[in-house]
Structures are given as structure tokens and as C-alpha cells.
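Q: Structure in C-alpha cells, see below.
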Amino acid sequence: MSNFASFKSLSRALFLGFRRDRGALFFTILFPLLFLVIFGGVFGKQSTGKVEVVEIGAVPVLDQAVAHDASGDLRKTVKLSRNDDRAAALKKVGKGDADAAVEQSGGKIVVHYSGADQVKSGVVQAVVQQVANSANLAATGRPPTYTVDGQRVEDKSIKGINFFTPSLLGWALASAGMFGASQTLVLWRTKGLLRRLRLAPVPIPTVFGARVVVSLGIALFQLAVFLLVAQLPFFGLKLQNAWWMSIPLVICGVLTFLSLGMLVGAWAKTQETAQTVTQLIVLPMAFLGGSFFPLDYAPKWMQVLSYVFPLRYLNEGMLNVMARGLGPTSALPQMAILLGIAVVAGGIAARLFRWDAT
């Protein structure tokens, strides 16, 4: 039998084995999809960046800007309320019940904001600066000497479903890749299957190649299912032009997590050890990699620590091309990092690899 025929037969056998395993089907496909349905249903329509601003007394500049906001962009960005009690307004900002408080005295506008959320404080300051610039222009008929161009903070336009679709998919791929590879390798070793494969006429690279191809096929099927469900009218996902770059990102991510799973499987002597170690990696990685909440809202130390985990790069890359509207090249740095991790982890796994359980 030729190597290609052996590859096809092994791939088919591995896929049929996966399809018959109801537990694997549930935890690989249905369980992550259930999370998407729950999170997408609850938070899918919510915008992650609309800022709440309290006016301390009268703030004519903001009131006039809202009154003349024909396009509605300002109202989509800022939710205004009014409180004549200055101390109470500042207390709301300090407690996190409002993102900023604005007061005006003649030509001076003061923005009070909390440093706990740099994204939203940046939005408030940019918006107020832009409103002030527009007011200067209207009052003098001439543009001010120095101007500030307020840019939309990317997080403002990302709704819940746009965030949860790539992030929960990333978590699903990481879990399936690492658990599948680590458990399979240890099981094959303890059952003596590796020893038999070593003596079989089928080359070992063909065996592992078939396992990788099946994993990639399942991952791409997961991607298709997630996108189809998320684009239902109830959830309302709207893909950006470069969304197709999520396909090579998924491939790079799967290769990375398979390599990490192989590393755990090569080191662990029992299935229990492999499962425990994989769990200790996957769970923190899911939280610190930005699968369940945007890292922009995390403490600074958590944001820095997240760079250690490869899931951050997969989530970030898919979020950039699926939801943020960035171009195809925006995903290249994340893909390069993922492939680099895959090569390093695969090399270490090869060094630790053992044919027998002893």
C-alpha cells in the first residue's frame, strides 16, 4: 500500500472514530457552541464601549453638540446624564457607575475620569476635545491653531457577539487540540499502540500527519458552524471584509495547540497526569488569553501576563479580521508567533518522546 493510500485510510479511520465518540463530539463541537449561544444571546446586542458621562450642571458645549448630532454618531458613543451635585457626580465616577464627569465654566471644560479604564477614559477625552474644537470653529469662523482629531476607539464598535464568536472559538480550538493530542499520545503509549505502529509498514510521519489533518478538518468545521450560528438574525454577527483570514489563523492555532498537547503527552506517564497538566494550562489560558472578557478591561498585570499564552494571539488575530475591520496583513504577526510556538513546542516534544510507557 502506498503512503498516500495509508494516509487516506488512517485519516478516515481517525475521523470515523471521532464521529462515533459522542463524548468527543459533545465537548469539541456542542459544548463550545452552547457557550456561544448563551453568551451571544445574553450579551450579543450590547456594545462593549459606549461610555457613560455625567454632566455636572449645565455643559452647553456638549448639549449643543448632541442637539446638532444629525448623524447620531455622538449618541452612539456617549450616554449623557446630568447631576447638579458635583460631589455626587464625582462619586459615581469613583465607584465606576459612570465613566466620566464633565463640567464647564465659561470657556473651560474639565473632564473627570477614572484611570481604571484607559480605553473609555480615552474615548471621553477624545470626544470632548473634538466637541470643543468644533465649538471653537463655530465661534470664531477659523480653525484653532492646534487641533485634535478624535478617533473612534476600536472597542466602541465591537458588540458582544463580535467579541464572543472568535474568542470562544479560540478557547474551543485550544481545548480540543491540547486535550486531544495529550490524551491520544499517552493512550497510544500505555496501550502499546505506539510500539506496534513503530513496527508497522506505515511510516510514523504518515500516522501523525493523518492525526493533524483530521484535527484541522474538525477545526475548520467548528469555524464554519460558529460563523453560521453567530450570523443568524437573533445574534447578528456582521463579518468584516478580511474575515477569511480567520481560516489560516485557525490552522496556525490548531498546529500550535496540537504541538503543546504533544509536549504534555510526551512528558506525562499516565492519562490522569496528562489530563491534569492540560487542564492547568488550558483554564488559565482561557481567562488570561481573552476568551471570556476583553483584555482591555483587565488589570495591567493581567494584560502583560496574557502575552505568555498563545491563545491571546489566536483570539486577537481573529478579532482583528472578523470584527475590527483590519486588513489581512494585520493577522500576520499573530500567525508568525503561533507558528513559532508550534515549532518550539514540537521540537521539545520530539526530544521528550518515548515509544514505551516504561
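The numbers here are math on the coordinates, done by the rules we state, and not lab data. Quantities reported herein were computed from a predicted structural model and do not represent experimental measurements. Here Cβ is always computed from backbone atoms with ideal geometry, including for glycine, and neighbour counts include all displayed protein chains.
Q: Please sort 339-351, 304-316 by packing, taking for each peptide the average over its residues of neighbouring beta carbons within 10 angstrom, highest first.
A: Working: 339-351: 16.0, 304-316: 21.3.
Those peptides, ordered most packed to least, come out 304-316, 339-351.
Q: Right, here's the next one. Given the alpha-carbon gyration tensor of the stretch 169-296, what are the semi-axes of its equivalent ellipsoid in whole angstrom, ordered largest first, with each equal to the square root of 5 times an eigenvalue? Please report the intermediate quantities before stating the final value.
A: Values: eigenvalues 196, 68, 22 Å².
They are 31, 18, 11 Å, listed from largest to smallest.
Q: In a shell of Cβ-Cβ distance under 9 Å around R189, excluding R189 itself, what net charge do Lys and Arg (+1) and Asp and Glu (-1) give?
A: Working: positive: K191, R195, K269, R354; negative: D356.
Around R189, the charge tally is +3.
Q: Return the subset of K95/K300; K79/K159; K191/K269 for which the Cα-Cα distance in this structure is over 22 Å, preserving the input order.
A: Working: K95/K300 19 Å; K79/K159 16 Å; K191/K269 12 Å.
As for pairs spanning more than 22 Å Cα to Cα, there are none.
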